[in-house]
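A.B. asks: This is the structure, below, for whatever I ask next.
The numbers here are math on the coordinates, done by the rules we state, and not lab data. These figures come from a predicted structure and were not determined experimentally. Glycine also receives a Cβ, built like all others from the backbone with ideal geometry; neighbour counts cover every protein chain displayed.
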Amino acid sequence: MKQTHFCGSPDHRISRRGFLGAATGATALAADMTVLDVLSRPALAEDLKRQQKSVILLWLAGGASQFETWDPKPGWPTGGPFAKIPTNVPGTHISELLPEMSRRLHYTAIIRSLNTKIADHGGGYRLMDTGRRDEPGVEFPHLGAIIAQELAQPDSRIPDYVEMYTSTEGRRKGSAGFLSGRFNPMFLTESMIPENIRRLESISQIDHHDRAALRRLLANRFSRDLPSSAVGCHNAAYQRVRGLMASASLFDVEREPAAMRQHYGPTQFGEQCMIARRLVEAGVPFVKVARAWWDSHGQNFETHRELCADLDQVMSALLDDLEQRGMLENTLVISLAEFGRTPKINGSLGRDHFASAWSCTLSGCGIQGGALYGKTDEDGMTVVDGEMGAGDLFATIFTALDIDYEKEYMLGSRPIPIADFGAAPREAILA
Amino acid sequence: MQRPTVFRIIGSLVAFLLALPALGRGDSQENLSSAIDRLIEARQQAEAVSHTGPIDDYAFARRVTLDLAGRIPTLQELTGFVADTSVDKRRQLVDRLLASPDFAYHLRDSLDILLLARKKTDEPWRKYLLEAARENRSWDRIFREVMLPERELPGDKRPAAFLHARARDLDAMTNDASVLWFGVNIACAKCHDHPLVPDWEQSHYFALASFFQRTFPTRTGLVSEKFDGKLKFTTTEGEEHQAEFMFLSGTSVSEPETALDKDVLKEIGQKIRDAERKEDAPPPPQPEFSPRAELVRLALEPGEHDFFSHNMANRVWARLIGHGLVHPLDQMHSENPPSHPELLETLAQDFAQNGYDLKRLIRTIVLTRTYFRSSRWTDASEPADPELFARGMVRPLYPRQLAMSLRVATRNPNGMPGLSAPDQWMSAREKFEQDSTALAARLPIPSGLFQVGTEEALFFSNSQEFHEDFLDSGNEHLVGHLAELADPEQIVETAFLTVLSRPPSDTEKGAVALHLAQRADQREDALRQLVWALLASPEFRFNH
């Protein structure tokens with residue numbers, strides 16, 4: 001039985017000579033990367049931009065309320081105190097808490113008809129991370145790992161999948177599941193720079209370089225006549241080290257002009273989204289920025305007044321920035337959570353977990369800007385039109401990126417489609 | 001310093017021939033090892049595939065020490081073994097390792113990864129496994145204790161961890177138990193009959209789940225069973241069925257009628273709820289009829305569907321040889337027959353008939369010729385299919401194998417007698433084991449699609465922790481020891497033998513000598529880079 005290998009090493013079925021040849025090529029590239037700042041070479045950035053589609057996922061950890069964002073119901077008992085406002089898409093209204101976004105809905109499709117059924121944090125985020133329900137004994141890859149697997153360049157010198165979290169709550173590390181460890185995320189929490197990406201001060205640049213050359217010499221001798229793709233992937237991982245180290249500057253917000261930083265705002269979420277744009281510009285296929293903590297069981301309205309202001313500024317700045325750089329057509333911006341919040345307002349003026357009728361947005365790459373998909377009833381209790389599950393959302397996302405949503409990965413002898421069985425994309429959302 | 005290859009090959013053959021009558025206990029086992037080789041080689045001949053030659057003493061010492069002790073050999077162990085002139089020294093090494101304290105640690109770590117797979121780090125559970133491994137507790141007894149902790153070891157929560165970690169999730173309990181103990185993955189059959197495997201219908205899934213359905217975790221970390229409850233499921237045609245208690249073999253049991261009256265049941269129900277919720281509740285009452293006990297009984301019934309012994313024989317084989325006789329390991333069913341049916345049958349039967357003795361099973365496999373085939377394929381043809389076992393498979397190290405080997409490789413070899421000073425080694429091993437916990441937790445568990453990620457490469461390359469733990473230049477460490485050696489040739493030789501368990505080739509000697517000579521003014525840094533390059537090489541990362 002053939003196994004499928006996902007390491008993204010230059011030659012998946014490594015033959016003895018094949019591997020050595022490819023390795024030499026990658027080595028030459030990696031050596032150049034020590035001086036390469038992708039952003040300082042506009043031509044290269046242009047190339048990458050054309051080739052590469054990317055995703056920025058704005059993760060509203062804890063579960064944002066659809067009522068206070070994309071599906072307002074003012075005047076109904078469930079509607080809460082905030083008004084709805086018209087947008088630049090005639091007929092579409094959103095919450096008054098998102099005034100900046102109301103002027104930019106031509107970039108964005110709103111989905112108001114998610115019914116994902118699972119309303120506990122653990123189950124909800126696993127569902128929305130993987131696009132399917134848990135199955136015992138199978139570690140499904142998260143969305144970011146699938147996108148990285150599909151879009152990353154085999155010999156890429158930059159990260160494939162980066163995750164950033166608010167430093168306080170809602171931290172969960174994404175997983176490549178049964179895909180290659182290569183597609184596990186680079187995970188940023190405490191620091192704005194990934195772990196172990198910078199050279200230790202105790203070793204000089206030259207020594208760092210030379211010992212890698214010594215390692216390569218040993219590795220090449222060892223790999224000769226050894227039919228093992230796992231060994232090939234080990235070498236591939238080490239060959240990416242210097243490139244990844246060179247990408248450290250991508251994480252440096254100080255390199256952005258003051259005006260741009262002001263546009264995104266002074267919050268951690270703003271800075272992380274600015275980094276996300278820098279990463280995507282350099283060709284990183286998937287960046288997740290999580291903003292916590294939307295879990296407003298008490299004081300839902302105060303919570304959303306504060307968090308929506310941040311979301312509104314940052315998301316609109318991000319869309320503007322991507323558009324101005326000509327990147328929005330190749331970058332899909334998703335805003336999503338593990339679920340929405342209950343129509344019923346509880347005794348603490350909070351809203352609880354609710355997965356039966358909630359909202360998310362897709363903007364940019366492959367998306368019909370201004371589309372409004374699905375409908376909930378007057379109270380927001382149920383979906384009355386265009387119901388979508390997590391699998392359908394994943395199928396739509398894959399299609400927007402020109403990835404075949406029916407593509408299958410083989411897990412041993414078992415085919416596993418990247419969007420769950422029975423899932424289908426929603427054409428009305430797609431450009 | 002090596003004897004020519006041909007002599008070494010003859011030497012090892014002679015070793016085996018001489019060894020045959022030598023040990024009373026060993027007789028049947030070595031006959032079995034030879035029988036295995038005959039079956040393997042017969043198929044290679046039938047498919048006109050040649051096999052690779054045997055590995056040399058260095059490679060043998062590394063491979064077998066990693067497999068039996070869970071670490072690379074120390075320099076003293078390695079050189080002692082290579083210099084040993086006795087004809088059956090390989091078998092002696094195998095037996096020395098099987099009797100060593102390391103063997104129990106490594107078996108414990110292997111069983112921990114197999115059964116708990118880091119669902120949590122549970123030190124009491126690991127202590128229980130270590131205790132079992134030290135006395136070579138039989139696999140059926142471990143099975144009974146882990147699957148029926150409340151009846152086999154009442155009040156001991158250590159073996160209960162397997163079920164307790166899964167007890168709130170019936171699917172996880174059912175499928176994990178089925179995969180790990182029986183080699184059968186029937187998760188696909190939960191929602192519909194298995195699409196590819198006629199053996200597994202939807203009713204099988206629920207039949208197996210019904211053995212676990214009454215199991216619940218107590219607040220104090222134990223598990224117990226409720227007195228009633230039947231599992232119902234809806235077929236794809238929409239019909240509702242009640243699941244029966246039926247094992248994978250097709251044998252079912254029926255529950256005896258109970259005559260407990262309502263009040264008694266109500267009282268029991270309250271006690272069970274208390275046990276689920278309260279730290280200080282008394283142990284809950286146990287029902288006369290235990291579905292889980294029935295499952296354990298059926299699984300250990302001899303017969304043609306002996307999933308229990310086939311599964312473990314196959315898993316141990318795969319672990320040591322690098323590819324299952326049934327592969328993937330959780331696909332034991334009629335559509336995926338073993339590559340060598342007779343071999344698996346023989347191994348499984350021997351395992352069952354000799355008291356499910358894990359050590360015996362392991363010893364049988366490592367004494368085959370198949371076990372020490374070279375992994376290098378120098379022939380011009382395509383490498384032989386893994387299921388022909390014509391070449392050694394390259395296997396990634398498990399987290400603790402790697403973490404432990406990093407410790408062993410980077411200490412001053414003079415302070416590492418290893419098994420040549422067993423008493424001293426015992427406490428050193430225990431300490432290394434503890435020191436390895438944090439690192440092991442961040443390393444990936446190998447699976448069928450295993451690839452080393454960039455995270456690991458970055459950790460090796462740039463982390464302070466790695467540099468402090470493994471590249472320290474103090475006297476107790478390898479870098480410090482190398483710095484004390486004057487002769488450049490000895491430095492290279494020592495570094496290679498200690499880290500890679502083999503002497504350097506001439507090319508490597510030249511390259512390293514040059515590296516060191518160019519850095520005469522920063523000798524310590526140069527040595528540190530040398531050791532780093534050895535540790536970060538794939539040769540160190542894999543068992544090969």
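A.B. asks: Skipping prolines and chain starts, which residues have an amide H placed within reach, meaning under 5 Å, of the one on residue B:411, given they are 5 or more residues away or on another chain?
C.D. replies: B:478
A.B. asks: Additional query: Counting only helical runs of four or more DSSP H residues, what would the 222 nm mean residue ellipticity of the protein assembly as shown come to if each run contributes -39,500 (n - 2.57) and the total is spread over all its residues? Please report the intermediate quantities before stating the final value.
C.D. replies: On the way: 39 runs with 437 residues, N = 975.
Result for the protein assembly as shown, helices only: -13500 deg cm²/dmol.
A.B. asks: Next question, about the same structure. Please compute, for peptide B:528-534, the average count of beta-carbon atoms on other protein chains lying within 10 Å of each residue's beta-carbon. Don't skip to the answer; put the middle values down first.
C.D. replies: Numbers: counts 4, 9, 3, 1, 7, 10, 3.
Across the residues of B:528-534, the mean count of other-chain Cβ atoms within 10 Å is 5.
A.B. asks: Work out from phi, with θ = phi - 60° and the Karplus expression 6.51 cos²θ - 1.76 cosθ + 1.60, the ³J(HN,Hα) of each residue of the stretch B:426-442, listed in order in whole Hz, and give x for Gly and Pro.
C.D. replies: In residue order, the calculated couplings are 3, 6, 4, 4, 4, 5, 4, 4, 5, 5, 8, 4, 5, 5, 4, 5, 9 Hz.
A.B. asks: OK, next. Any chance you could list P(r) for chain A, counting all Cα-Cα pairs in 10 angstrom bins from zero, rounded to whole %?
C.D. replies: All Cα pairs considered, the percentages come to 4, 21, 31, 24, 12, 5, 1, 0.
A.B. asks: With +1 on each Lys and Arg Cβ and -1 on each Asp and Glu Cβ, how big is the dipole of the stretch B:399-543 about its Cα centre, in debye rounded to the nearest 20?
C.D. replies: Numbers: 12 positive and 21 negative charges, 72 e Å.
Here the size comes out at about 340 debye.
A.B. asks: Let me ask something else about it. Label residue B:334 and residue A:139 with points 7 Å out from Cα along Cα→Cβ: what is the distance between them in nm?
C.D. replies: Output for this residue pair reads 3.4 nm.
A.B. asks: In nm, give the distance between the simple-model label positions of residue B:434 and residue B:50, each being 7 Å from the Cα along the Cα-to-Cβ direction.
C.D. replies: Computed distance between label sites residue B:434 and residue B:50 equals 5.3 nm.
A.B. asks: Now for a different question. Kirkwood Rh, Cα Rg: Rg to Rh for the stretch B:137-299?
C.D. replies: Working: Rg = 16.1 Å, Rh = 16.5 Å.
With Rh from the inverse mean 1/r over Cα pairs, Rg/Rh is 0.97.
A.B. asks: Let me ask another. Based on the Cα atoms of the stretch B:399-543, what semi-axes does the equivalent ellipsoid have, where each is the square root of 5 times one gyration tensor eigenvalue, given in whole Å with the largest first? Display every interim value, and only then the final one.
C.D. replies: Working: eigenvalues 121, 77, 42 Å².
The equivalent ellipsoid of the stretch B:399-543 has semi-axes of 25, 20, 14 Å.
A.B. asks: Okay, moving on. If you take the beta carbon distance between residue B:414 and residue A:248 as r and set R0 to 56 Å, what does 1/(1 + (r/R0)^6) give as a FRET efficiency, to the nearest 0.05?
C.D. replies: On the way: r = 40 Å, r/R0 = 0.72.
The formula returns an efficiency of 0.90 here.
A.B. asks: The stretch A:270-287 to the stretch B:494-524: how many Å between their Cα centroids?
C.D. replies: Cα centroid to Cα centroid, the span is 42 Å.
A.B. asks: If you average the alpha carbon positions of the stretch B:266-314 and of the stretch B:153-203, how far apart do those two centres end up, in angstrom?
C.D. replies: That distance is 13 Å.
A.B. asks: Let me ask something else about it. Name the residue farthest towards the positive end of the dipole of the protein assembly as shown from the options B:298, B:181, A:280, assuming +1 on Cβ of Lys and Arg, -1 on Cβ of Asp and Glu, about the Cα centre.
C.D. replies: Ranked along the dipole, the leading option is A:280.
A.B. asks: Can you sort A:163, A:329 by how many other beta carbons sit within 10 Å, fewest first? Walk me through the numbers on the way to the answer.
C.D. replies: Values: A:163 25, A:329 15.
Ordered by Cβ neighbours within 10 Å, fewest first: A:329, A:163.
A.B. asks: Can you sort B:429, B:118, B:96 from fewest to most other Cβ atoms within 10 Å of each residue's own Cβ?
C.D. replies: Numbers: B:429 25, B:118 12, B:96 19.
So the ranking, lowest neighbour count to highest, is B:118, B:96, B:429.
A.B. asks: How are the alpha carbon pair distances in the protein assembly as shown distributed across 20 Å bins from zero to the largest one, expressed in percent?
C.D. replies: Binned Cα distances yield the sequence 12, 40, 36, 11, 0.
A.B. asks: Let me ask something else about it. Taking the Cα centre of the protein assembly as shown as origin, sum charge times position over the Cβ atoms of Lys and Arg (+1) and Asp and Glu (-1), and report the length of that vector in debye to the nearest 20. Provide the component values of the computation, followed by the final result.
C.D. replies: Values: 109 positive and 134 negative charges, 324 e Å.
Around 1560 debye, computed over the protein assembly as shown.
A.B. asks: Within the stretch B:210-233, list the residues whose amide N lies under 17 Å from a label point set 7 Å along Cα→Cβ of residue B:255.
C.D. replies: Hits in the stretch B:210-233 for residue B:255 at 17 Å: B:210-217, B:224-233.
A.B. asks: Now for a separate question. In a Gaussian network model over chain A where Cα atoms closer than 10 Å are linked, find which of A:75, A:137, A:174 has the largest mean-square fluctuation.
C.D. replies: Highest fluctuation among the options: A:137.
A.B. asks: Put a dot 7 Å past each Cα toward the Cβ at residue B:242 and residue A:83; how far apart are the dots in nm?
C.D. replies: In this crude label model, residue A:83 to residue B:242 measures out at 6.3 nm.
A.B. asks: What is the list of residues in the stretch A:115-147 whose amide nitrogen lies under 18 Å from a point 7 angstrom out from the Cα of residue B:226, following Cα to Cβ?
C.D. replies: Backbone N within reach: none found.
A.B. asks: So, one more: Along the charge dipole of the stretch B:38-99, Cβ charges K/R +1 and D/E -1, which of B:82, B:69, B:49 sits furthest on the positive end?
C.D. replies: The residue sitting farthest along the positive end of the dipole is B:69.
A.B. asks: Whole-Hz ³J(HN,Hα) for each residue in the stretch A:327-343, computed from phi via Karplus 6.51 cos²θ - 1.76 cosθ + 1.60 with θ = phi - 60°, x for glycine and proline: what do you get?
C.D. replies: Along the stretch A:327-343, the couplings run 9, 5, 5, 10, 10, 9, 9, 10, 10, 7, 9, 7, 5, x, 10, 4, x Hz.
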